[in-house]
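**Student:** Have a look at the structure that comes next, please.
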Amino acid sequence: MPNRRHFPSWRSALAVLIASALFLATAISMGGAASAASGPASAADGSGPSAQAPAQDAAKKKRRRARRRVRRCAVTYTRLGRKHKIYVRRYAYRLIRRGGRRFRIIVRRRIALKAPCARSCAVVRAGRVRYRRTRKRILVPRRRGNRLVLVRRRVRVRVPRLRRCPNGGTQTILGTPITITLRDKSLGTLDFGAFVREAPLTGTVRGYAEGRVDLSALKDDVNFILTRGRINIGQTAVFIDDECQGDVTAAIRTAPNAYASVDQSKSSSATLFADTGRIRSIVRVLLRTPLELRNGEEDCNPPGYITTGYTQLPLRLDLAGKLTFAGNLGVDLKSGEQVLDGFDACIAPGEPTLPCSGFAIPFPFTLSTHVVGALELGRFGRLTVPAGS
C-alpha cells in the first residue's frame, strides 16, 4: 500500500479551489465597484467619453437650429427712389394632370432672391446692381435611369453683392447734385368750374443723380432723385366781388404762407432720356394752404383780412417735358389736370403757420401746373443723402 502522506486528499484540493474562486470573485467585485464609482465622477466633471458625445451632439443641433432660425428677407435695390426686388430663376417640381392622371414635371420658376435680413440690400453703383460669382447649393436636374430628377448640388451662380440696408438717417454716395430754380413763368392753374385762377410759383427743388452726369456726352438715361424742396404759391384771389364799397376786391384769397414742399417720407424722381432729351417726373408734395378772409365790407381802404390756419393735402404731380437750352440750361415741364376732391378750406381764424383748429369746408378744384426752371448741375463727388432714397 502506498504512503498517503505524499498525495493530498481530495478535501484539501477542494478547499484550495474554493479559496481561489472566492479570491477571484472578490477582486472582480472590487474592480467593478471602482469603475462604477469612477464613471459617475467622470460624467459629473464632463471628462468621460460617454458624457462628451451627447454634449457635442447637442451643440451641433443647437447650431443647426440657429441657422434655421435666421430670418430671411427678399433682396432689394433702390432705383428712382423706389425699392425693387431681385428675381432669379430656379428649377422646381410642378404637378400637372393629363388624362385623369397626375404627373410631376420640372420647370424653371422666377422667384424672389432671399438673404438674411441683416444684409438684404443689393449694392448699386451708377444706377446698376453689382453682381459677383459664387458657389451655392441649389436644385439642378440630373438623370437617373430614364427620368430626370432634381438634386441639390453646389454650382456656380451669379448673385448680387449685398450690404446692410440703411435704417433711417443718412448715407454717403458718389453722385452729382442738381438744383431746379423756378422762374417767373411757372404757374399753377386752379379751375373751380365757374372761374379759373392762376397762381404764380417760385422756389427751388434739390436732388441728385448717382454717378457722374455729363450732358455733353450723354449715352444712357439719367435718373434723378428729388430729396427736398419748397414751391411757394403767390397770393391768389379765389373769390372776387364788388361788395366793398363798389371796389372789386378778393373776398377769399390764399395767404402768403401757402406753399408745397417735397414729401420726404415718399420717393420723388425724374428721368432724363438720353436719346430724346425728354423728361418724365413723379413728384410727391404736401400742399399747405392757409387763407385770408375779408373782414366785412366797411374796412375797405385797404381791405382788412383775417388769417386762418392751414389745411394740408398730399399730392402726386406727374410732370413731363424737355430740357431747354435758351440761354442757360433749364427745364420746361407740365402736368395733366387732376381733381383735388380732398381739398378743404379752413374758415376759422387762426395763425397761418398752425393747422386749422376750427371749421373747414370741402372745396374741390382742378389743378394743373406749368414749371419753367433753371437746371444747375453740381460737381461730382461724395454726397450725404437720406438713407434709402
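The values are calculated or read from the model by the stated rules, or taken from the named source; none is laboratory data. Predicted, not measured: the structure shown is a model, and the values here were computed from it. Cβ atoms come from the backbone with ideal geometry, glycine included; neighbour counts cover every protein chain shown.
**Student:** Tell me the residue from Leu319, Leu375, Leu333 that is assigned to a strand (DSSP E or B), touching a residue at least 60 places away in the same chain (Cβ under 8 Å) and crowded, with 18+ Cβ neighbours inside 10 Å, please.
**Tutor:** Result of the check over Leu319, Leu375, Leu333: Leu375.
**Student:** Can you confirm whether Gly234 is of a type outside the set (A, V, I, L, M, F, W, C), within 19 Å of Val371 (Cβ to Cβ) and in contact with a Pro (Cβ under 8 Å, 6 or more places away or on another chain)?
**Tutor:** Details: of a type outside the set (A, V, I, L, M, F, W, C): yes; within 19 Å of Val371 (Cβ to Cβ): yes; in contact with a Pro (Cβ under 8 Å, 6 or more places away or on another chain): yes.
Spelling it out, Gly234 is indeed of a type outside the set (A, V, I, L, M, F, W, C), within 19 Å of Val371 (Cβ to Cβ) and in contact with a Pro (Cβ under 8 Å, 6 or more places away or on another chain).
**Student:** Quick one: would you say Gly277 is surrounded by fewer than 17 Cβ atoms within 10 Å (Cβ to Cβ), of a type outside the set (Val, Ile, Thr) and on the phi > 0 side of the Ramachandran plot? Before the answer, list the steps.
**Tutor:** Numbers: surrounded by fewer than 17 Cβ atoms within 10 Å (Cβ to Cβ): yes; of a type outside the set (Val, Ile, Thr): yes; on the phi > 0 side of the Ramachandran plot: yes.
Yes, satisfied.
**Student:** Test Pro314 against the criterion of being touching a residue at least 60 places away in the same chain (Cβ under 8 Å) and more than 20 Å from Thr204 (Cβ to Cβ), and give yes or no.
**Tutor:** Details: touching a residue at least 60 places away in the same chain (Cβ under 8 Å): no; more than 20 Å from Thr204 (Cβ to Cβ): yes.
The answer is no for Pro314.
**Student:** Let me ask you something else. Quick one: which residue in Leu95, Leu174, Leu139 is assigned by TED's automatic domain parsing to the domain that holds Gly229 and in contact with a Lys or Arg (Cβ under 7 Å, 6 or more places away or on another chain)?
**Tutor:** Leu174
**Student:** From the list Ala112, Ala118, Ala126, which residue is within 15 Å of the chain's Cα centre (by Cα), surrounded by 11 or more Cβ atoms within 10 Å (Cβ to Cβ), among the aliphatic types (A, V, I, L, M) and modelled with pLDDT under 90? Even if it seems obvious, please write down each step before you answer.
**Tutor:** Values: Ala112 fails: modelled with pLDDT under 90; Ala126 fails: within 15 Å of the chain's Cα centre (by Cα).
Ala118 is the lone residue from the list that is within 15 Å of the chain's Cα centre (by Cα), surrounded by 11 or more Cβ atoms within 10 Å (Cβ to Cβ), among the aliphatic types (A, V, I, L, M) and modelled with pLDDT under 90.
**Student:** Still on this structure: Of all residues in the stretch 307-316 being surrounded by 17 or more Cβ atoms within 10 Å (Cβ to Cβ) and not small (Gly, Ala, Ser), which is nearest to Ala274 (Cα to Cα)? Walk me through it before giving the result.
**Tutor:** If we filter the stretch 307-316 for residues that are surrounded by 17 or more Cβ atoms within 10 Å (Cβ to Cβ), which is where we start, we get 307-311, 315.
Right, trim to not small (Gly, Ala, Ser) and you get 307-308, 310-311, 315.
Working: Thr307: 48, Thr308: 47, Tyr310: 41, Thr311: 40, Leu315: 28 Å.
Looking at residues that are surrounded by 17 or more Cβ atoms within 10 Å (Cβ to Cβ) and not small (Gly, Ala, Ser), I get Leu315.
**Student:** Return yes when Gly342 is crowded, with 17+ Cβ neighbours inside 10 Å, farther than 30 Å from Pro166 by Cβ and assigned by TED's automatic domain parsing to the domain that holds Gln264 and no when it is not.
**Tutor:** On the way: crowded, with 17+ Cβ neighbours inside 10 Å: no; farther than 30 Å from Pro166 by Cβ: yes; assigned by TED's automatic domain parsing to the domain that holds Gln264: yes.
No, not satisfied.
**Student:** Still on this structure, I have one more. Take the residues in the stretch 182-206 that are among the acidic types (Asp, Glu) and in a strand (DSSP E or B), then tell me which one is farthest from Pro386 (Cα to Cα). Give the steps one after another, and end with the answer.
**Tutor:** Here is the first cut: in the stretch 182-206, the residues among the acidic types (Asp, Glu) are 184, 191, 198.
After this cut, where a residue has to be in a strand (DSSP E or B) as well, the list is 191, 198.
On the way: Asp191: 36, Glu198: 34 Å.
It comes out as Asp191.
**Student:** Looking at Phe239, Phe224, Phe273 in this structure, which one is without any contact (Cβ under 8 Å) to a residue 24 or more places away in the chain, of a type in the set (Phe, Trp, Tyr) and out of contact with any Cys (no Cβ under 7 Å at 6 or more places or on another chain)?
**Tutor:** Details: Phe224 fails: without any contact (Cβ under 8 Å) to a residue 24 or more places away in the chain; Phe273 fails: without any contact (Cβ under 8 Å) to a residue 24 or more places away in the chain.
After applying the criteria, what remains is Phe239.
**Student:** Next up: Spot the failing condition for Leu367; the list is (1) outside any strand (DSSP E or B); (2) surrounded by 15 or more Cβ atoms within 10 Å (Cβ to Cβ), and only one is missed.
**Tutor:** (1)
**Student:** I'd like to check something: does the stretch 190-198 contain any residue that is touching a residue at least 60 places away in the same chain (Cβ under 8 Å), among the aliphatic types (A, V, I, L, M) and more than 30 Å from Asp241 (Cα to Cα)?
**Tutor:** In the first step, residues of the stretch 190-198 are kept if they are touching a residue at least 60 places away in the same chain (Cβ under 8 Å); the result is 190-193.
Now narrow it down to the ones that are among the aliphatic types (A, V, I, L, M): 190.
With the extra rule that they be more than 30 Å from Asp241 (Cα to Cα), the set shrinks to none.
No: the stretch 190-198 contains no residue that is touching a residue at least 60 places away in the same chain (Cβ under 8 Å), among the aliphatic types (A, V, I, L, M) and more than 30 Å from Asp241 (Cα to Cα).
**Student:** Something else about it: Exactly one of (1) at pLDDT below 90; (2) assigned to a strand (DSSP E or B) is unmet by Val213. Its number?
**Tutor:** (2)
**Student:** Now for a separate question. Those residues that are touching a residue at least 60 places away in the same chain (Cβ under 8 Å) and on the phi > 0 side of the Ramachandran plot, I need them from the stretch 115-166; list them, please.
**Tutor:** Selection gives Ala126, Gly127.
**Student:** Suppose we filter the stretch 250-276 for residues that are out of contact with any strand residue (DSSP E or B) (no Cβ under 7 Å at 6 or more places or on another chain), modelled with pLDDT of 90 or more and either closer than 23 Å to Ser216 by Cβ or part of a strand (DSSP E or B) (or both); how many remain?
**Tutor:** 1
**Student:** Determine which member of the set Pro355, Pro362 is at pLDDT 90 or above, within 25 Å of Glu292 (Cβ to Cβ) and surrounded by 13 or more Cβ atoms within 10 Å (Cβ to Cβ).
**Tutor:** Pro355
**Student:** Do you know which residues across the stretch 138-180 are small (Gly, Ala, Ser) and surrounded by 14 or more Cβ atoms within 10 Å (Cβ to Cβ)? Give the steps one after another, and end with the answer.
**Tutor:** Kept after step one, since they are small (Gly, Ala, Ser), are these residues of the stretch 138-180: 145, 168-169, 175.
Matches in the stretch 138-180: Gly175 only.
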